[in-house]
1. Quick one: which helices (runs of 4 or more DSSP H) sit completely within segment A:267-346 and have at least 2 residues that are crowded, with 21+ Cβ neighbours inside 10 Å?
2. Looking for something within 11 Å of chain B (Cβ to nearest Cβ) and either under 26 Å from residue B:157 (Cβ atoms) or assigned to a helix (DSSP H, G or I) (or both) - is there at least one such residue anywhere in segment A:89-101?
3. So, residue A:7, is that one in a loop (DSSP other than H, G, I, E, B) and either within 12 Å of chain B (Cβ to nearest Cβ) or exposed (fewer than 12 other Cβ atoms within 10 Å of the Cβ) (or both) or not?
4. Anything in segment A:152-192 that is over 20 Å from the mean Cα position of the chain (by Cα), within 12 Å of chain B (Cβ to nearest Cβ) and surrounded by fewer than 22 Cβ atoms within 10 Å (Cβ to Cβ)? List them, or say none.
5. Scan B:65, B:58 and give me the residue that is surrounded by 14 or more Cβ atoms within 10 Å (Cβ to Cβ) and more than 17 Å from residue B:113 (Cβ to Cβ).
6. Might you check whether a residue that is at pLDDT below 90, part of a helix (DSSP H, G or I) and at the interface with chain A (Cβ under 9 Å from one of its Cβ atoms) occurs anywhere in segment B:298-321?
7. Please pick out the residue among B:133, B:144, B:150, B:113 that is under 26 Å from residue A:42 (Cβ atoms) and more than 16 Å from the chain's Cα centre (by Cα).
8. If residue B:274 passes every condition in (1) within 30 Å of residue A:74 (Cβ to Cβ); (2) more than 8 Å from chain A (Cβ to nearest Cβ); (3) within 16 Å of the chain's Cα centre (by Cα) but one, which one does it miss?
């Protein structure tokens, strides 16, 4: 493309271009000019900020649609799920790839990121497990996604080989997801003295895993709706036909998993006798909002939407559930963390930190748009007509 | 069994396993390295002269062997300023230690009490257990040292440390973690016989020795003058025990030492949960593979039965027509 086409594109998409330019400027500032001090509000008391809370914790939870959809469609062999698999794998792949990309901004010496796995493995660390699983899972997702690319460029032999490995890959995906989704919660087990008791429990790993299930499914519904709106013309009749069926199945599943999650959260409070905190102060209110506004309410809306076969209600529920996961991860890693510090020593993200997060999300959307435009994501590749 | 039912069962099984291993882990015991050294700080003796800070800065800005054990050399005048001392300052990337000034309620809120803060050198350090590149080592001699040559800069050590000790060189483009190493490299190389802060202290507020001896000394001081000290050696059991310990004539919470940390060593907080990882890695593939096989058989069988029924119906119709 000539520079002229770029300028034309920039003129047509002013907000996108602005985000891109500002994102690049901050990136240069972070890596070459000012370092972490000039780009972030991180300090000695608050070593982890929004890049961990949002880009890593929320990013990984919301990319869980990859393992939930492939498990439903390929292992449990549920009819009508086949069409959801390719978009879900693409979303998960992009999600994880950009989680890794975002981590480059956060760690002090990003060029050493392979060290924990290849050079000096600290196996007693929860973060080691997270790192190893995420690395392996990105690889699995890349292989699972690869046929879209190889079909596109016409290397069908590679696609055939990968197709043969579908089930082992899917099983590996679920295993690795179980482990790192839960170990993201496990990260915080080492800091009981810094977290608010309403969020600290030894069940955090289990809670993170279970919530990742409905987070993933809600995100599939949420973005499926958006894709349906903007990429409708790219979708084959079969993909359009299956859309509502998948929506209803996931709505019912989410409703049940969320009720189970609600019970788990209550059990953690009851088991450790933390009732006193619930009706006390700001944190109590936040916990109640999270549990009733962002877990019980969407669970109920999902159930109603499923019973009435009303897609609108389900979409509202999915939006609430996605926001709820973000709120939960923020509560664990940010709002409810470092509660022993005085208010003045607490962390608020800097503008540049937020810009990087927005920049990363924008890059994901751009990649998704590009790939689904040129490769067969919402349709079957011509080479596979009648293959399935 | 459908998928959700199955996941529910798996969740329940995991929960039971968590409870089970948690009990098993309670049997853990590590008494620490038997001949390790440490320091005892006596809050009733410290006068807040900051000589320890100066001693630390001098030795660690001159006898530098590695880039990550470098402290910027500070002018001696910096340490003469006693007015700027307060209760809330903490160490940063330019220092390993700091003296805070408190005016505890126990003494009417007027009389100052000082406390030196640095790495506590836990017997089982949170930072070492949290580090995913093994950059921290608990030395048999007592200190917890940091090796920057492998550090990625994830700062999980800072999240994990209950005393907020490790600091980070945020301002540098190639940053490292900084924290007190109990002068381990200097003692090893013979530059110093004991930590620089201890030798700099004019009041003998700091005592260097074997941890076991220090504990005896601490309890002796507590017993010698009844009512002077609180009957508690801070660090004897906190977070599983530390090699840096404190005795004080005022409650520890009033001189900035948290009394709510408990006695569980940090590695135990995650070890039982981490122990489940191999379980998941072994159990899940077998279960999922089995489920996949079952759903495949189920679908095949349904298909076979359908075809059989169709064939039978056709045969039946043919037989009727042929009659």
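1. Working: elements: A:275-278, A:281-288, A:297-308, A:311-330.
The helices (runs of 4 or more DSSP H) meeting that bar are A:297-308, A:311-330.
2. As a first pass, look at segment A:89-101 and keep what is within 11 Å of chain B (Cβ to nearest Cβ): none.
No; the residues of segment A:89-101 include none that is within 11 Å of chain B (Cβ to nearest Cβ) and either under 26 Å from residue B:157 (Cβ atoms) or assigned to a helix (DSSP H, G or I) (or both).
3. Values: in a loop (DSSP other than H, G, I, E, B): no; either within 12 Å of chain B (Cβ to nearest Cβ) or exposed (fewer than 12 other Cβ atoms within 10 Å of the Cβ) (or both): yes.
In short, no.
4. Step one: filter segment A:152-192 for residues over 20 Å from the mean Cα position of the chain (by Cα), giving A:152-168, A:189-192.
Filter once more, so that each one left must be within 12 Å of chain B (Cβ to nearest Cβ): A:166-168, A:189-192.
Once the filter is applied, which keeps residues that are over 20 Å from the mean Cα position of the chain (by Cα), within 12 Å of chain B (Cβ to nearest Cβ) and surrounded by fewer than 22 Cβ atoms within 10 Å (Cβ to Cβ), segment A:152-192 yields A:166, A:167, A:168, A:191, A:192.
5. On the way: B:65 fails: surrounded by 14 or more Cβ atoms within 10 Å (Cβ to Cβ).
Testing whether each residue is surrounded by 14 or more Cβ atoms within 10 Å (Cβ to Cβ) and more than 17 Å from residue B:113 (Cβ to Cβ) leaves just B:58.
6. yes
7. Numbers: B:133 fails: more than 16 Å from the chain's Cα centre (by Cα); B:144 fails: more than 16 Å from the chain's Cα centre (by Cα); B:113 fails: under 26 Å from residue A:42 (Cβ atoms).
Unique residue meeting the criteria: B:150.
8. (2)
The values are calculated or read from the model by the stated rules, or taken from the named source; none is laboratory data. Quick caveat, the model's predicted, so the values are computed rather than measured. Positions of Cβ are generated from backbone atoms using ideal geometry, with glycine treated the same way; all protein chains shown enter the neighbour counts.
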